[in-house]
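To keep things clear, I will list the structure first and then write my remarks on it.
Nothing in this text is a laboratory measurement; each read-out follows from the coordinates by a stated rule. A quick note: this is a predicted structure, and the numbers were derived from the prediction, not measured. Reconstructed Cβ throughout: ideal geometry from the backbone, glycine too, with neighbour counts over all protein chains shown.
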Amino acid sequence: MRMHNPPHPGELLAELWLEPLRLTITDTAAALDVSRKTVSEIVNGRAGVTPEMAVRLELAFGKSAESWLAHQAAYDLWQVDQYRSELRVRSLQPAT
């Protein structure tokens, strides 16, 4: 069963690491060796966590890359569930 309205990984990044550690977007971007825009888009929910970013976050904050990707997958699946009934997909079955 999927989590009800899981948070975007960027929200977790901001609430669990950036705010408590008093890190700015600029400081975080420099530590991750990515652009400020990249971190800003993730923190503000406009971009997702890619596998490469998940590894960067693991190296910086210690939370596993798999965990970051699991949060992203949960968020993405919940978003799709919101319009699942509108998807026009035909069921395909193996020949018998």
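What to note about this one:
- Number of positions in the range 55-66 that are touching a helix residue (DSSP H, G or I) at 6+ places or on another chain (Cβ under 8 Å) and either of a type outside the set (D, E, K, R) or exposed (fewer than 10 other Cβ atoms within 10 Å of the Cβ) (or both): 6
- Among the residues making up the range 28-83, those that are basic (Lys, Arg) and more than 11 Å from the chain's Cα centre (by Cα) are Arg36, Lys37, Arg56, Lys63.
- Residue in the range 77-86 that is touching a helix residue (DSSP H, G or I) at 6+ places or on another chain (Cβ under 6 Å), under 25 Å from His4 (Cα atoms) and not charged (D, E, K, R) present: no
- Restricting the search to helices (runs of 4 or more DSSP H) fully inside the chain and requiring at least 1 residues that are touching a residue at least 12 places away in the same chain (Cβ under 8 Å) and β-branched (Val, Ile, Thr) gives 25-32, 36-43.
- In the range 33-46, the residues that are out of contact with any Ser or Thr (no Cβ under 6 Å at 6 or more places or on another chain) and surrounded by fewer than 17 Cβ atoms within 10 Å (Cβ to Cβ): Asp33, Val34, Ser35, Lys37, Ser40, Glu41, Asn44, Gly45, Arg46
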